[in-house]
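Participant: Dropping a structure here in structure tokens format, bear with me for questions.
The values are calculated or read from the model by the stated rules, or taken from the named source; none is laboratory data. These numbers were taken from a predicted model, which means no experiment stands behind them. Backbone-built Cβ (ideal geometry, glycine too); neighbour counts: all protein chains shown.
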Amino acid sequence: MGSKWSDTFERLYVADEDGIAKNKPQLDVVQELCDEIPTMYEGGVRFANNVIDMLITGAEKAVVGTATLASLDELGGAFKLSENITLKVDYRDGIVSFDPAIAGRAFLDLSRDARRIGVSDIIVPMKLVEEAVAAKRELGFTLGVFASVSERTNMEALGVDYIVSEDFGSMVSDE
């Protein structure tokens, strides 16, 4: 399975629902994928030391989502353990987090704090793309957006560095 993925894709984004929802990441499954293709792994990081679990799988980047992150202090602690961190901004009628210092904040303010910590890679949903592009211009980080493959050209024109797409089926033939 892995070699087929690496022939088609540059990188794989894995959102481990067991890790995110239940704090029980499927490290062994992800490790098999990481052996075959560069992987960004979101496994429900809550505390700084959880990034080590994500990276031990061989993942290129540990993705830390605001919805599971306990606090900005934990993000800072995680970055001290590894610079291979991508911040994912979870959004539902505002930025989602357990931490009131993160939840509901303006994207620019959150991204400033993330940059002060050292985070240089941030992923956002389409709803935040305009704010994120403006923040990227000001703060100079790598920007990813969850978007359809059909939006790739539009996203590149805006200044987005990469897209994370769920519609990979339209990119893979059944040959």
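Participant: When you check Val133 against the structure, is it out of contact with any Lys or Arg (no Cβ under 8 Å at 6 or more places or on another chain) and modelled with pLDDT under 95, yes or no? Reasoning before the result, please.
Facilitator: Values: out of contact with any Lys or Arg (no Cβ under 8 Å at 6 or more places or on another chain): yes; modelled with pLDDT under 95: no.
When the stated conditions are applied, Val133 does not pass them.
Participant: Follow-up question, since we're still on this one. For the range 113-128, give me each residue that is farther than 13 Å from Gly77 by Cα and touching a strand residue (DSSP E or B) at 6+ places or on another chain (Cβ under 7 Å).
Facilitator: At the first step, the residues of the range 113-128 found to be farther than 13 Å from Gly77 by Cα are 113, 115, 120-128.
Listed by number, the residues that qualify are Ser120, Asp121, Ile122, Ile123, Val124, Pro125, Met126, Lys127, Leu128.
Participant: Got at least one residue in the range 10-31 being surrounded by fewer than 23 Cβ atoms within 10 Å (Cβ to Cβ), part of a helix (DSSP H, G or I), in contact with a Leu (Cβ under 8 Å, 6 or more places away or on another chain) and not acidic (Asp, Glu)?
Facilitator: no
Participant: Checking Arg92 against (1) farther than 21 Å from Ser165 by Cα; (2) free of Cβ contacts under 8 Å to residues at least 12 places away in the same chain; (3) not hydrophobic (A, V, I, L, M, F, W, C), which single condition isn't satisfied?
Facilitator: Result: Arg92 fails condition (1) only.
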